[in-house]
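Data block below; observations after.
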Amino acid sequence: MPVIETPEHIAVARTAVREENAMFLTAVMEGRYTDGYLVREGKNAPRVAASDMATIGSPLDFVALNI
C-alpha cells in the first residue's frame, strides 16, 4: 500500500509488489519471469524450458497469497 495515495505512488507500489513477487507469482500467473527479476538474478536465474513455463503458467481456479 502506498503511504500517499497519488497516482504516482500507487503505480510505484504496484511495480514494487510485482517485482518482489515476480520470482513465483508472475511465473504461476503468466508462465514467464519478469525481465527485471532475470536481470537481478543474473547467473542464478532459473533455467527452465519453455514447455515447463507453459505448465507452470497453466490456468488456475484460485490464487491466494499470505503476505
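Could you check how many residues of region 18-49 are touching a Leu at 6+ places or on another chain (Cβ under 6 Å) and either closer than 13 Å to Leu65 by Cβ or open to solvent by 100 Å² or more (accessible area, probe 1.4 Å) (or both)? Reasoning before the result, please.
If we filter region 18-49 for residues that are touching a Leu at 6+ places or on another chain (Cβ under 6 Å), which is where we start, we get 45.
This time we only want the ones that are either closer than 13 Å to Leu65 by Cβ or open to solvent by 100 Å² or more (accessible area, probe 1.4 Å) (or both), so: none.
Selection size over region 18-49: 0.
I'd like the full set of residues that are in contact (Cβ under 8 Å) with a residue 12 or more places away in the chain and open to solvent by less than 40 Å² (accessible area, probe 1.4 Å), limited to region 1-17. If you could, list the steps in order and put the result at the bottom.
As a first pass, look at region 1-17 and keep what is in contact (Cβ under 8 Å) with a residue 12 or more places away in the chain: 1, 13.
Passing the criteria: only Ala13.
Being in contact (Cβ under 8 Å) with a residue 24 or more places away in the chain and part of a helix (DSSP H, G or I) is the filter here; which residues of region 22-54 pass it? Show your work before the answer.
Start the filter on region 22-54 by keeping residues that are in contact (Cβ under 8 Å) with a residue 24 or more places away in the chain, which leaves 25, 27-32, 53.
Selection gives Leu25, Ala27, Val28, Met29, Glu30, Met53.
The values are calculated or read from the model by the stated rules, or taken from the named source; none is laboratory data. Given the structure is predicted, the values throughout are model-derived calculations rather than measurements. Backbone-built Cβ (ideal geometry, glycine too); neighbour counts: all protein chains shown. These accessible areas exclude ligands, DNA and RNA; they are computed on the full protein's heavy atoms, side chains included. Shrake-Rupley method; radii C 1.70, N 1.55, O 1.52, S 1.80 Å.
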